[in-house]
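The structure appears right after this line, and notes come after that.
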Amino acid sequence: MTCIEDLRQVARRRVPRAFFDYAEAGSYSQQTLHANHSDLEHIKLRQRVLVDVSQRELTTTIIGEKVTLPLALAPIGLCGMQHGDGEILACRAAQAAGIPFTLSTMSICSIEDVAQATGKPFWFQLYVMRDRGFIKALIERAAAAKCSALVLTVDLQVLGQRHCDVRNGMTVPPEIRLGNAIDIATKPLWALSILKGRRKTFGNLAGHVKGMENVKSLAQWTANQFDPTLSWKDVEWVRGIWPGKLILKGILDVEDAKIAAKTGAAALIVSNHGGRQLDGAPSSISALPKVADAVGGEIEVMFDGGIRTGQDLVRALALGARSCMIGRSYIYGLGAYGQAGVAKAIEVLGKELDVTMALCGVKSIPEIDRRLIAQI
């Protein structure tokens, strides 16, 4: 496994199509998804020579937490359907590597499952749904599990359609269709991992919502719970309940960033939800410099959207991000080889970052700035 694409190809063979496509695809015609990648690739880096880069340092901090890389694992819904107990395995890999892991509200393993299995703090991602009583309880559960940060996703008040999920009959557990059954039958290692896994449905929801004990009604409840009334007042409400550090994920617009900077949040994440929400929205990397220029002095700016290489990490850091998140890059590793695959994805990106820094003539993360950009 030499790069993230190698892991992707293995995951594509090992994970059933419905779940691979769920993680891989964007919304509608996927313009924003593709722009996330292409816009990063078009940014050229300055190659510098005859600079002593024999001693390089990749460590930094993210919201005050010491990390070995300017990197965190992003929240991924249904992570545990890429590989059995996927959230636990990914969290263990991240913690072993010395970087944060973020558990999704829509995870398979619950907050309590991950906390018990890892024994160390992790981040928890929150969707504010219609049932505010349930959300309050969910925040309290994250606090009880000693999660070190709450990542509030602000760009999913309605769900952008992903065509492949409709075509594949994507449900949890998988909808019984002939094509799905045949596909799963050809993925025995995946099926075995799922069978051995602790849960087969949404762990943070099942058993915590009255009348929603079975999978069918649980899925229906979830589909109806995304809340179009979500507003900045809800951010204040969450701040009043959550005792720790708050991160706002899903900021693309400068005006929104200015409001976010005044909420008391520790950080914001420039993100378009991996191209899975507003198709036609700007790529994350094209939005990053404007947001960083506007509020980088007031709030920590993180980046999410299209990171596949260490060069991409340098591009985002150079354009104003203090750190980056990866989603699909580590999910490919999880689907390919479980915990070892996630560890490999982190290792690959770290090594590529290290080499790229050396070839750009910088020795530490704080040295990475716009002077490294040759062309946008």
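The values are calculated or read from the model by the stated rules, or taken from the named source; none is laboratory data. None of the values given here were measured: they were computed from a predicted structure. Backbone-built Cβ (ideal geometry, glycine too); neighbour counts: all protein chains shown. To get the accessible areas, we keep the full protein, side chains included, count just its heavy atoms, and leave off ligands, DNA and RNA. Shrake-Rupley method; radii C 1.70, N 1.55, O 1.52, S 1.80 Å.
Can you tell me how the stretch 195-340 classifies by the Cα gyration tensor, rounded, prolate or oblate, using a/c under 1.5 as the rounded cut?
Judged from the Cα gyration tensor, the stretch 195-340 comes out oblate (a/c at least 1.5, b/c at or above a/b).
With θ set to phi - 60° and the Karplus curve 6.51 cos²θ - 1.76 cosθ + 1.60, what are the ³J(HN,Hα) couplings of the stretch 139-144 in order, to the nearest whole Hz, using x for Gly and Pro?
Going residue by residue, I get 4, 5, 5, 5, 5, 5 Hz, with x marking Gly and Pro.
How many percent of DSSP beta bridges within the chain run antiparallel, rounded to 5?
The antiparallel fraction comes to roughly 20 percent.
Residue 194: net charge of surrounding residues, Cβ under 14 Å, Lys/Arg +1, Asp/Glu -1, itself excluded? Let's see the in-between values first.
Values: positive: 14, 187, 196, 198, 199, 200; negative: 85, 87, 183.
Net charge in that neighbourhood comes out at +3.
Counting only protein chains, not ligands or nucleic acids, how are 337, 330, 127 ordered by accessible area (probe 1.4 Å), most first?
337, 127, 330
Lysines within cross-link reach of residue 146: Cα-Cα under 21 Å, excluding same-chain residues under 8 positions apart?
66, 120, 136, 245, 249
How many angstrom lie between the C-alpha centres of the stretch 1-34 and the stretch 316-376?
19 Å
Of the listed peptides 353-365, 2-14, what is their order by residue-averaged count of other C-beta atoms within 10 Å, with the highest listed first?
So the peptides 353-365, 2-14, ranked by packing, come out 353-365, 2-14.
Report, in deg cm²/dmol and to the nearest 500, the calculated mean residue ellipticity at 222 nm for the chain, where each DSSP H run with n ≥ 4 adds -39500 (n - 2.57) and the sum is divided by the residue count.
Taken over the chain, the calculation gives -13000 deg cm²/dmol.
Sorted by accessible area with a 1.4 angstrom probe, largest first, how do 45, 195 fall?
Greatest to least solvent exposure: 195, 45.
For the chain, report the translational diffusion coefficient in µm²/s to the nearest whole number, using Stokes-Einstein at 20 °C, 1.002 mPa s, and a Kirkwood Rh over Cα pairs.
Rounded, D is 103 µm²/s.
Give the aspartates and glutamates whose C-alpha is closer than 17 Å to that of residue 233, dropping any in the same chain fewer than 8 places away, or say none.
131, 155, 255, 256
If you plug each phi of the stretch 316-322 into the Karplus form 6.51 cos²θ - 1.76 cosθ + 1.60 with θ = phi - 60°, what whole-Hz ³J(HN,Hα) values come out, in order, with x for Gly and Pro?
Once rounded to whole Hz, the list reads 5, 5, 5, 8, x, 6, 7.
Net charge within 10 Å of residue 93 by Cβ-Cβ distance, Lys/Arg positive one each and Asp/Glu negative one each, not counting residue 93 itself?
Local charge sum for residue 93: +1.
Near residue 228, within a Cβ-to-Cβ distance under 13 Å, what is the net charge of the other residues, with Lys and Arg +1 and Asp and Glu -1?
Net charge in that neighbourhood comes out at -2.
So, by mean Cβ neighbours within 10 angstrom, what's the order for 274-281, 308-315 with the highest one leading?
Averaged packing, sorted descending, gives the order 308-315, 274-281.
Please list the non-local residues whose amide H lies under 5 Å from the amide H of residue 249, H modeled 1.01 Å from N, same-chain partners needing a gap of 5 or more.
Counting only residues 5 or more places away or on other chains, the set is 152, 153, 154, 269.
Please work out the FRET efficiency for the pair residue 220 and residue 41, using the Cβ-Cβ distance as r and a Förster radius of 41 Å; give the result to the nearest 0.05.
That gives a FRET efficiency of 0.50.
Rounded, prolate or oblate: pick one for the stretch 1-130, where a ≥ b ≥ c are the square roots of the eigenvalues of its C-alpha gyration tensor, a/c under 1.5 means rounded, and failing that, prolate if a/b is larger than b/c, else oblate.
Numbers: a/c = 1.80, a/b = 1.22, b/c = 1.48.
Oblate.
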